[in-house]
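Where a number appears in this text, it was derived from the coordinates with a stated rule and is not lab data. Just so you know, these numbers come straight off a predicted model, no measurement behind them. Cβ sites come from the backbone with ideal geometry, for glycine too, and all protein chains shown count toward neighbours.
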Amino acid sequence: MFITIEGMDGSGKTTALQRVKNHLEDLNYKVVMTREPGGLPISEKLRELILNKDSQGMEPWTEALLFIAARKEHLEKVIKPYLQKGYIVISDRFMDSTTAYQGGARGLGIDYLNNLQKTILEGFLPDLTLYFELSFEDAEKRLSERHEEKNRLDEEGRKFKESVKAAFEELAKKELKRITVIDASKTPDEVFEDTKKIILEKIELWKKEKH
Ligand code: TMP
């Protein structure tokens, strides 16, 4: 089963999923967590190229195509092999990030990038996507408490980030069967409980469908 998590930086998605991974392992599931852009040497190099502040002014299409290129490598070399070995694969970001950031905020077109990626990924879609929804103010507040070095996209302004959020919301409405919205404004424990519940329900459903 392939699960992806999406949302703005600062939405708490990575923390919640790390806790869910530990919980699933306690239940004896084999789980691997990975991230985009990244996950293997070629994709990490592309990540560095895209997110480095020296790449300021990169053309939107260059940015989109590099993210998609990193994704294709990640999918073929990491995600699919683990799925074949019976793992639950959880990816911190996947195709919806390109649709929201480059399709929405960079203006390349939400439907256009969504459909283009479906073609390039040859129809391979996540079984479940969790979108962690949080207001711009709350996300910025959490980010400011982190003291991590910001990457090129973290430094984009409010207008850009509000467009990313609007694009994720539009996408979640269009892909109702695949994308579930998580209210990330709740406490970390509540967010963990909500996330765990949805994933466990999906696993049960998935087992019934497969057997
Ligand atoms: P992160 O690893 O801290 O989430 O940083 C990745 C940044 O790249 C984040 O700001 C979201 C952005 N991004 C895109 O713009 N498009 C994509 O396809 C992906 C995967 C990430």
task: For Arg35, enumerate residues with amide H under 5 Å from its amide H, sequence gap 5+ or separate chain, H modeled in the peptide plane.
output: Asp92
message: What does DSSP give for the chain in terms of the percent of beta bridges that are antiparallel, rounded to the nearest 5?
response: 0 percent
query: Given the options Glu149, Glu73, Glu48, which has the most mean-square fluctuation in a GNM of the chain, springs set between C-alpha atoms less than 10 angstrom apart?
result: Glu149
query: Fewest first, what order do His147, His23, His74 take by the number of other Cβ atoms within 10 Å?
result: His147, His23, His74
With eigenvalues of the C-alpha gyration tensor scaled by 5 and rooted, segment 2-210, Å: 25, 21, 17
- request: Pick out which of Arg142, Arg106, Arg47 has the largest mean-square fluctuation in a Gaussian network model of the chain, springs linking Cα atoms closer than 10 Å.
  value: Arg142
- request: Go ahead and estimate [θ] at 222 nm for the chain from helices alone: -39,500 (n - 2.57) per DSSP H run with n ≥ 4, summed, over the residue count, rounded to 500.
  value: -16000 deg cm²/dmol
Candidates Thr187, Thr99, Thr34: whichever shows maximal mean-square fluctuation once the chain is modelled as a Gaussian network with Cα springs under 10 Å: Thr187
task: Normalising by the residue count of segment 1-86, find the relative contact order in percent from Cα pairs under 8 Å and 6+ residues apart.
output: 28 percent
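Just need the relative contact order of the chain here, percent rounded to a whole number, with Cα pairs under 8 Å and 6+ apart. The partial results should precede the final answer.
Details: 295 pairs, mean separation 68.0, N = 211.
Relative CO of the chain lands at 32 percent.
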- request: Beyond 21 Å between alpha-carbons counts as too far, so tell me which of Lys141/Lys177; Lys177/Lys197; Lys72/Lys208; Lys77/Lys150; Lys13/Lys72 fall in that bin.
  value: Lys141/Lys177; Lys72/Lys208; Lys77/Lys150; Lys13/Lys72
